[in-house]
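Undergrad: Take a look at the following structure, please.
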């Protein structure tokens, strides 16, 4: 058989089967076996997000960061690092749908018409079942061949970040032995559902498409969470407790919003802070915390917005534990806020729950006096009884936010009311830059 | 920027808190028509400070351009780091209105005047609470400057803020007639 031919059919299959036995017995060389029963196959590219207008059957639209786009095929020959080949899947939208990836191959000799290909491993995406791929003129037909992810476990473990490896194998020309083709590495993000504003799927590409540089953190902070409330709670706690952020006790100024004052979220700078401690520093205020919480939570599918509370005169505070503080107390500028901003659900009304990464409140039956039993204000209703006569009676048992933040009088609880998002903040979902 | 009643009421209260009417539209040098154009800080402008980053930000309605600068001391031994946002506004009055826009976003109800903290800069200046000024906001002519310390701990901004104010004044002095338009 000439090296330019690739026979097929039962006789050739039988011939190759015999050769493979002889090879196992070391009676023929690998080179001899390959010459007669193999071919030279190459994996050229893999597309995860092969349909940028939908997210039910493939990966969602993402980009790396503000300046760098990501387009399919995400993996091309030569990429060896998982982070260079990222893909993100939405649990809700893919549930019950066939999910596929697409891969392109080349083969030589050019006359070869088919090969069988599979991939082992794959982590959350699972292994790829063996599949006959057709070739014409040395290139796979169609150029990008669909492989269904029959064994994926997307959704089983909730939100996830996993670096996966596929060990691709092939056999052709009737060969009976699987031969190694390529090992590929990919970073896979699993989120609850389509990211919400400020993140957008369309247009694509666009600076507001989900950033993988941010998914690296959001998926780690909310790892294992299976619903939006739990995900937002986990993210809020991370921001409050584990990022080294400190409240701006000098004046309570925002350090990570800009553009028309508090219109944009300086996410690039914040990611730099997370990476190496610089960026715009570790000092934050409530606007920053609400924006960080909203942006990272909405990236994994939550639907929060940054919204204000207070009154024209501000409101008085009962001691709380500010972000980065060692214990309960008042800010350095006194026991009052001109306003406060949190990540809020729904229509930011009295009955709507909120998430506040900026501080922890006293969770015991007397939130207006020591001792303090701190709780994270996560998924807590703004006010369970907003019109109640003041002062409120002790013991106070309601899991109600503003009563645990404010003094028990007209200047505190009585002056702290839902206001809504800053007018120029894109309804509390500040675009990222 | 403010488009609803609650925010209007809040803005008015902030103006009262800061006694806006007592200083709005006034300058200490020159007249209230002074308008510096295309004010920027270049790397060689502030001796002893290294310019780490410079970025143009989208301006608001009262501003012509906004730049953010990050400076650190030229001496490597210090860990100070200052973030300055410089708003080049359309007029002196717009700079003062922008000052209100900015302090409205502070959670502190009111800030002390810089003069009470031993810092005499700008036409109007507010410092921070606490032992030292960790942040300062001042307007000089039509330029509004906000300087924040970007590291935890006591890194007072007074000296750096003074240098920035001197730079604005020197740009004005260089071509008074032109700027007083």
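Just so it is clear, none of the values below were taken in a lab; they were calculated from the coordinates. Computed from a predicted model, the values in this text were never measured in an experiment. Here Cβ is always computed from backbone atoms with ideal geometry, including for glycine, and neighbour counts include all displayed protein chains.
Undergrad: Got a sec? How would A:297, B:170 order by Cβ neighbour count within 10 Å, fewest to most? Walk me through the intermediate numbers first.
TA: Working: A:297 30, B:170 10.
So the ranking, lowest neighbour count to highest, is B:170, A:297.
Undergrad: Counting just the Cα atoms, what span does the stretch A:197-286 cover along each of its three principal axes? Round to the nearest Å and put the largest first.
TA: If we take the Cα atoms of the stretch A:197-286, the spans are 38, 30, 24 Å.
Undergrad: Hey, what angle do you get for helix A:10-24 against the long axis of chain A, alpha-carbon based, 0 to 90 degrees rounded to 10?
TA: 80
Undergrad: What is the helix-to-structure angle for A:212-221, meaning the angle in degrees between its Cα long axis and the longest Cα principal axis of chain A, kept from 0 to 90 and rounded to the nearest 10?
TA: The angle comes out at about 70 degrees.
Undergrad: I've got another one for you. Sorting check: for A:382-394, B:105-117, which peptide has the highest mean count of neighbouring beta carbons within 10 Å, and how do the rest follow?
TA: Values: A:382-394: 14.7, B:105-117: 19.7.
Sorting A:382-394, B:105-117 by mean packing, highest first, produces B:105-117, A:382-394.
Undergrad: Provide a whole-number value for the mean count of partner chain Cβ atoms within 10 Å of the Cβ atoms in peptide B:13-20. Intermediate values should be presented prior to the final figure.
TA: Details: counts 5, 4, 0, 2, 3, 0, 0, 0.
Per residue, the number of nearby Cβ atoms from other chains is 2 on average.
Undergrad: Calculate how steeply helix A:228-241 sits against the longest principal axis of the alpha-carbon atoms of chain A, using the helix alpha-carbon long axis, and give the answer as 0 to 90 degrees to the nearest 10.
TA: 70
Undergrad: How big is the shadow of the Cα convex hull of the stretch B:97-159, averaged over all directions, in nm²?
TA: Numbers: hull surface 17.2 nm².
For the stretch B:97-159, the mean projected area of the Cα convex hull comes to 4.3 nm².
Undergrad: While we're here: Looking at the protein assembly as shown, send over the antiparallel percent of its DSSP beta bridges, to the nearest 5. Walk me through the numbers before you get to the answer.
TA: Details: 97 of 107 bridges.
About 90 percent, rounded to the nearest 5.
Undergrad: Also: What value in Å³ per residue do you get for the convex hull of the alpha-carbon atoms in the stretch A:227-420?
TA: Considering the Cα atoms of the stretch A:227-420, their hull volume per residue is 110 Å³.
Undergrad: Run the Debye formula on the Cα coordinates of chain A, all scatterers equal and no solvent, and tell me log10 I(q)/I(0) at q = 0.08, 0.09, 0.11 1/Å.
TA: Listed by q, the Debye log ratios stand at -0.55, -0.64, -0.83.
Undergrad: Looking only at other chains, what is the average number of their beta-carbon atoms within 10 angstrom of each beta-carbon in B:100-106? Intermediate results must be reported in sequence, preceding the final value.
TA: Details: counts 0, 4, 4, 3, 5, 13, 12.
Mean partner-chain Cβ count within 10 Å for B:100-106: 6.
Undergrad: Still on this model: Which peptide among A:215-223, B:151-159 comes first, and what is the full order, when sorted by highest mean count of other Cβ atoms within 10 Å? Let's see the in-between values first.
TA: Details: A:215-223: 22.3, B:151-159: 16.2.
Most protected by this proxy first, the peptides run A:215-223, B:151-159.
Undergrad: State the Kirkwood hydrodynamic radius of the stretch A:389-433 in Å, one decimal place, computed from all pairs of distinct Cα atoms.
TA: Values: mean 1/r = 0.0786 Å⁻¹.
About 12.7 Å, per the Kirkwood formula over Cα pairs.
Undergrad: Does chain B come out rounded, prolate or oblate, given a ≥ b ≥ c as the square roots of the eigenvalues of its C-alpha gyration tensor, rounded meaning a/c under 1.5 and, failing that, prolate meaning a/b above b/c?
TA: Values: a/c = 1.58, a/b = 1.16, b/c = 1.36.
Verdict is oblate for chain B.
Undergrad: Listing B:65, A:404 from the residue with the fewest other Cβ atoms within 10 Å to the one with the most, what is the order?
TA: Details: B:65 16, A:404 22.
With the fewest neighbours first, B:65, A:404 line up as B:65, A:404.
Undergrad: Just the ratio, please: alpha-carbon radius of gyration of the stretch A:10-191 over 2.2 N^0.38 Å, N its number of residues. Intermediate results must be reported in sequence, preceding the final value.
TA: On the way: Rg = 18.0 Å, N = 182, 2.2 N^0.38 = 15.9 Å.
After normalising by residue count via 2.2 N^0.38 Å, the value is 1.13.
Undergrad: If you average the sequence gap of Cα pairs under 8 Å that are 6 or more apart and divide by the length of the stretch B:5-179, what percent do you get for the contact order?
TA: Answer for the stretch B:5-179 is 22 percent.
Undergrad: Roughly speaking, what is the centre-to-centre gap between the stretch A:348-378 and the stretch A:266-300 when only Cα atoms are used, to the nearest Å?
TA: Result: 22 Å between the Cα centres.
Undergrad: Further question: So for A:315, A:265, fewest C-beta neighbours within 10 Å to most, what's the order?
TA: Details: A:315 25, A:265 28.
Going from least to most buried by this count: A:315, A:265.
Undergrad: Related question: From zero up to wherever the largest Cα-Cα distance of the stretch A:142-271 sits, split into 10 Å bins and tell me the percent of pairs in each.
TA: 9, 27, 31, 17, 10, 4, 1, 0
Undergrad: Within 10 Å of each Cβ in A:269-275, how many Cβ atoms from other chains are there, averaged over the peptide?
TA: Details: counts 6, 0, 0, 1, 1, 0, 0.
The per-residue average across the peptide is 1.
Undergrad: How much of the DSSP beta bridge set in the stretch A:10-191 is antiparallel, as a percent to the nearest 5? All intermediate terms of the calculation are to be shown ahead of the outcome.
TA: Numbers: 41 of 46 bridges.
Approximately 90 percent, going by the DSSP bridge assignments.
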